[in-house]
1. Taking region 13-59, which residues are among the small types (G, A, S) and farther than 25 Å from D72 by Cβ?
2. Filter region 56-75 down to the residues that are charged (D, E, K, R) and crowded, with 18+ Cβ neighbours inside 10 Å, then identify the one that is farthest from I34 (Cα to Cα).
3. Does W46 satisfy being touching a helix residue (DSSP H, G or I) at 6+ places or on another chain (Cβ under 7 Å), farther than 30 Å from L173 by Cβ, surrounded by 13 or more Cβ atoms within 10 Å (Cβ to Cβ) and not β-branched (V, I, T)?
4. So L40 ticks every box in (1) touching a residue at least 40 places away in the same chain (Cβ under 8 Å); (2) surrounded by fewer than 16 Cβ atoms within 10 Å (Cβ to Cβ); (3) not small (G, A, S) but one. Which box is left unticked?
5. Can you tell me how many residues in region 1-28 are aromatic (F, W, Y) and exposed (fewer than 11 other Cβ atoms within 10 Å of the Cβ)?
6. What are the pairs, 6+ residues apart or on separate chains, where a residue within region 156-182 that is closer than 13 Å to E146 by Cα has its Cβ under 6 Å from a residue that is of a type in the set (D, E, K, R) and open to solvent by 60 Å² or more (accessible area, probe 1.4 Å)?
7. What number of residues in region 116-147 are surrounded by 15 or more Cβ atoms within 10 Å (Cβ to Cβ), under 18 Å from S17 (Cβ atoms) and either of a type outside the set (K, R) or modelled with pLDDT of 90 or more (or both)?
8. If you scan region 77-118, which residues turn out to be in contact with a Lys or Arg (Cβ under 8 Å, 6 or more places away or on another chain) and either without any contact (Cβ under 8 Å) to a residue 12 or more places away in the chain or among the basic types (K, R) (or both)?
Amino acid sequence: MAYIDIKDLKIDKEFESLLPVLTPEELEKLENNILQYGMLDPIKIWQEPSTDEWIIIDGHNRYNILKKHNIDWHYWQDYKIMGELESREDVKQWMLEQQLGRRNLSDAERYEIVQKFKEVFQKRAKENQSSGGKGLPSLVKVNVQEEMAKAVGVSKGSYYKLDKVMQSDNEKLKQQLRDKSIY
């Protein structure tokens, strides 16, 4: 495997914006854990085909902590090249699956993650529609809202209700849903 210097890594603003922001307390806990125990989960990187740049697709906070403390790779040996991901869309799909795979997320938190990836669902539906127009055998119509509901793990009706609440100005109710204090 080729050696990749930590200085060769780039943060892609679009990919970074798809990930949830850690609270200051979560960030401090992560920093303390890395300094005490090392990185338990490697930073995932992907090589952008059009530029050959190495882009971080998971581990932005860990990367920033390493840089802050001038900790280099040879000390941690903690990166993983995600070579099976061929395009930016593949990376986004992988990121979505990783975020939704986290434990103990409320439906509201899963909803908020899925909303950041709405473009992925819309693009898939558009590509499907375009393929159907080219005479390809009976493609099943992709319903964006149904696909997003499935990703959240709720019915289409529950997704519709959740969407109404999460699009509202009722911050207290939204936080109660995130905290699982109401269902």
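1. Within region 13-59, S17, S50 qualify.
2. The qualifying residue farthest from I34 (Cα to Cα) is D58.
3. On the way: touching a helix residue (DSSP H, G or I) at 6+ places or on another chain (Cβ under 7 Å): yes; farther than 30 Å from L173 by Cβ: yes; surrounded by 13 or more Cβ atoms within 10 Å (Cβ to Cβ): yes; not β-branched (V, I, T): yes.
Considered against the rule, which asks whether it is touching a helix residue (DSSP H, G or I) at 6+ places or on another chain (Cβ under 7 Å), farther than 30 Å from L173 by Cβ, surrounded by 13 or more Cβ atoms within 10 Å (Cβ to Cβ) and not β-branched (V, I, T), W46 comes out as yes.
4. (1)
5. Residues meeting the conditions: 1.
6. Partner pairs satisfying both residue conditions: K156/E146.
7. Here the count works out to 3.
8. Across region 77-118, the qualifying residue is only K80.
The values are calculated or read from the model by the stated rules, or taken from the named source; none is laboratory data. Please read these numbers as outputs of a predicted model, since none were measured by experiment. Methodologically, a virtual Cβ is constructed for each residue, glycine included, from the backbone with ideal geometry; neighbour enumeration extends over all protein chains shown. Quick note on the areas: whole protein, heavy atoms, side chains included, nothing else; ligands and nucleic acids left out. Shrake-Rupley method; radii C 1.70, N 1.55, O 1.52, S 1.80 Å.
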